[in-house]
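Undergrad: Here it is: the structure, laid out below.
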Amino acid sequence: MVELEKTSDNWKDWNVLFKGKKYNLAEYGGKWGDKSYQFPANQDLKLTITDFSDHNFSDFHPELYLVIDNEHGILGKQISTLYLCTSADADSKYFGYCWDIKLDDWDGHFNPFMIRNEVAKAIEAQTEFPINGEELGLSDDSGFASIYFGVDVDEVECFKDFYLKLASFLDRTFEEVEEKLSIGGFSNKVVAKFSFDEEVQQSCISYLNYFIEFLKDLGIKSKPQVNYSGQDILFSITPDSKEESLTLVSQALSLYLKLPQIDTAELINEYSDPLTELKLERLKSEIDKLKGDLRTSAALIRYQDKLLSNGIVKLKEPIEALQCIHIDDEEKNKREFLSGGIKLGVFKKAGIEFDWNALLGHFKSK
């Protein structure tokens, strides 16, 4: 732990005890405020978050203003420094972060200042963490695109739990900003993120692409866009007509993702006209193709791994691979989204009834 040893009335004679060694405060630190002292302020010495991973605020000396470097991305991939002073004096107390992109090292596809600005907006808009919006600032100095923001230390119960959760939020936000920029923003679109098993990724993407034909059969013309990042897929749908309801598109996607879970033999419409029948048969064909690919891939994995004949391999269907959904720039609750396009109480699957009458009604009316 870091301790302060006062050997005289002059702070320049004091020592900071860290990892069994003594460091003269005047040489390795400096006066920060009337009742606080920065440590370290010497480039030859660094404190890292790993040094404090098992400590809480009560363990920190209240007169020390600590400068803690990120290590192994623990505080978040873009965080460089954490600043902390737990003083009882309101003017000295501080808990702050520096988030930045080093311009010389940047090899991303988008303008780093644009990314920085979008991340700053997300930090300011969030309500999960006690971040003081008035203490959030941007800086373009010294070859960095930076964000500085302060946290209300009195609202944080556990130091480690807090910085790990905040790190997850910051990394997720950075990723979402890049995704958003990659498709020109989420406005006037339905955007779904999936993480598919590698063995069936192409089959699942083929099924997603058919959704545009499914929408067309419902009378909705739209443009799709698919962006890849490893196993992650960003699938966006933009209706051709600005007047077209994004809610209707999202409800249709919710229903479409559920279709591979049903027995397509149940898709019978005795009173359908030939065009409706054709649309339904094409839909059934896509469902059966995806289900067949999932079974084949699972069987191949069992064979390659030499599992027992009754070994179970479960590959994720599109509905299970869905990570998040945005509708017109607003992230929706995944469970609530997937409840769209169904009703409780004609076809039952695990207590849920698919409203085929409404679906076929759209087919017939277009």
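The values are calculated or read from the model by the stated rules, or taken from the named source; none is laboratory data. Note that this is a predicted model, so its numbers are computed, not measured. Virtual Cβ from ideal backbone geometry, glycine too; neighbours counted across all protein chains shown. Remember, those area values only see protein heavy atoms, side chains included, never the ligands or the DNA or RNA. Shrake-Rupley method; radii C 1.70, N 1.55, O 1.52, S 1.80 Å.
Undergrad: Based on this model, can you work out whether SER146 counts as part of a strand (DSSP E or B) and modelled with pLDDT of 95 or more?
TA: Yes.
Undergrad: Suppose we keep only residues that are touching a helix residue (DSSP H, G or I) at 6+ places or on another chain (Cβ under 9 Å) and either surrounded by 12 or more Cβ atoms within 10 Å (Cβ to Cβ) or under 17 Å from GLN202 (Cβ atoms) (or both) within region 297-310. Which one would you say is modelled with the lowest pLDDT?
TA: LEU307
Undergrad: Residue by residue through region 12-27, note down the ones that are open to solvent by 50 Å² or more (accessible area, probe 1.4 Å) and either not in a loop (DSSP other than H, G, I, E, B) or not small (Gly, Ala, Ser) (or both).
TA: Filtering region 12-27 down to residues open to solvent by 50 Å² or more (accessible area, probe 1.4 Å) leaves 12-13, 17, 19-22, 27.
Passing the criteria: LYS12, ASP13, LEU17, LYS19, LYS21, LYS22, GLU27.
Undergrad: Among the listed residues LYS165, LYS189, LYS180, identify the single one that is open to solvent by less than 50 Å² (accessible area, probe 1.4 Å) and not polar (S, T, N, Q).
TA: On the way: LYS165 fails: open to solvent by less than 50 Å² (accessible area, probe 1.4 Å); LYS180 fails: open to solvent by less than 50 Å² (accessible area, probe 1.4 Å).
Answer to the check: LYS189.
Undergrad: Here's another thing I want to ask about it. Pull up region 270-296, narrow it to residues that are assigned to a helix (DSSP H, G or I), among the acidic types (Asp, Glu) and open to solvent by 50 Å² or more (accessible area, probe 1.4 Å), then point me to the one that is modelled with the highest pLDDT.
TA: The selected residue is ASP288.
Undergrad: For residues that are closer than 19 Å to PHE159 by Cα and touching an Asp or Glu at 6+ places or on another chain (Cβ under 9 Å), scanning just region 95-111, find the one that is surrounded by the most Cβ atoms within 10 Å (Cβ to Cβ).
TA: PHE95
Undergrad: To continue, here is another question. ASP44 - would you say it is open to solvent by 60 Å² or more (accessible area, probe 1.4 Å) and either at pLDDT below 95 or within 21 Å of ASP59 (Cα to Cα) (or both)? Reasoning before the result, please.
TA: Numbers: open to solvent by 60 Å² or more (accessible area, probe 1.4 Å): yes; either at pLDDT below 95 or within 21 Å of ASP59 (Cα to Cα) (or both): yes.
Yes; evaluated as a whole, the condition is true for this residue.
Undergrad: So PHE235 fits all but one of (1) exposed (fewer than 13 other Cβ atoms within 10 Å of the Cβ); (2) not in a helix (DSSP H, G or I); what number is the exception?
TA: PHE235 satisfies all of (1) exposed (fewer than 13 other Cβ atoms within 10 Å of the Cβ); (2) not in a helix (DSSP H, G or I) except (1).
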